[in-house]
Amino acid sequence: MDWKSRRIDAILEQALVEDKATHDVTTALTIDPSLRASATIIAKQDCVVSGLGCIPRFLEIFARLDGKDHGRFEVVHHPEIFDGVRVSRGHALAVIRHKASVILSCERVILNLMQRLSGIATLTRQYVDAIAGTSAHILDTRKTVPGLRVLDKYAVRCGGGKNHRLDLSDGILIKNNHISLGGGIEKVLNRAKELRQPGQTIDIEVRTFEELTTALDHGAESLLLDNMTPEQVRKAVTLVRERGLSIPIEASGGMNLETVRKYALAGVDYISVGALTHSAPAVDLSMKITAEIY
């Protein structure tokens, strides 16, 4: 993750602007502006870490927005603590040494983002663990918080999952509404093959065996089996492989931790899980701040 990219910079800046972090009236009225402090971010539950890179960037962007020289700061963490690592409750994730006022003004945005990203990474790792030993991979979807997709998908990677399309330009995926509005599977497949750019693979969603057969008959190059049972998925995979086709097969729709392994064992290559980004509970993190004594 390039935490200094323009896209990430804009996201983090907006978070600080939204919270009016440079106009923290409580801190301005109660804290000596020269006081330096040490803040430790602590995991209050077992989790997978994601978002450590946001800490120094928030502090740098805060200084830019505030327009004041707050002096040096440092963010340190143990070499064994990094994005993607599992930690236990009580683990210290990072220590910030900076002006107390800056830490207090940035505390909430830092924790909010790290809690969300670590929550996504933690849930993703649970799904990855649930299908361990199979040949399937866990994919995310575009069901992300508007504006946070690049970060949400980064957190999925931290949890061991893989990214599906980043956006609508990132691959051809013909879904049910495209099929119904475009005149049926045969028409949309033929049109897509005719007009696509070199190197683009056409993925198509099918919900029934009739749709599956039609898609295969007209040259489907990748399949998304939507809302099928594990038994139906196994039958669909067998049908595809019996044709001698090695095209990628993905299962999607209503996946949960209780059923995901059954889908993996049915022989699919990928399982997409919208819950990774739209329903992951935030991880509980806290920040303990103490004054530095010289």
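The values are calculated or read from the model by the stated rules, or taken from the named source; none is laboratory data. This one's a predicted model, so the numbers in the text were calculated from it and none came from an experiment. Note that we place each Cβ from the backbone using ideal geometry, even for glycine, and neighbour counts take in every protein chain shown.
Remarks
Every residue, every condition in (1) assigned to a helix (DSSP H, G or I); (2) surrounded by fewer than 14 Cβ atoms within 10 Å (Cβ to Cβ), yes or no:
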{"position": "Leu189", "(1), (2)": "yes, no"}
{"position": "Glu194", "(1), (2)": "yes, yes"}
{"position": "Pro198", "(1), (2)": "no, yes"}
{"position": "Ile204", "(1), (2)": "no, no"}
{"position": "Leu212", "(1), (2)": "yes, no"}
{"position": "Leu223", "(1), (2)": "no, no"}
{"position": "Glu231", "(1), (2)": "yes, yes"}
{"position": "Val237", "(1), (2)": "yes, no"}
{"position": "Val240", "(1), (2)": "yes, no"}
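- Here Met228, Met255 are screened, and the one residue that is under 30 Å from Leu113 (Cβ atoms), in the same structural domain as Leu139 (by TED's automatic domain parsing) and under 28 Å from the mean Cα position of the chain (by Cα) is Met255.
- Qualifying residue in region 16-38 (condition: small (Gly, Ala, Ser) and within 24 Å of Gly159 (Cβ to Cβ)): no
- Only one entry of Arg157, Arg191 meets the criterion of being under 22 Å from the mean Cα position of the chain (by Cα) and not hydrophobic (A, V, I, L, M, F, W, C), and that entry is Arg157.
- If you go through region 271-294 and keep only what is within 17 Å of the chain's Cα centre (by Cα), surrounded by fewer than 19 Cβ atoms within 10 Å (Cβ to Cβ) and among the hydroxyl-bearing types (Ser, Thr, Tyr), you end up with just Ser279.
- Taken over region 164-177, residues that are touching a strand residue (DSSP E or B) at 6+ places or on another chain (Cβ under 7 Å) and under 24 Å from Ser50 (Cα atoms) amount to 2.
- Annotation: Glu13 fulfils all but one of (1) under 16 Å from Ile289 (Cβ atoms); (2) out of contact with any Asp or Glu (no Cβ under 8 Å at 6 or more places or on another chain); the unmet one is (1).
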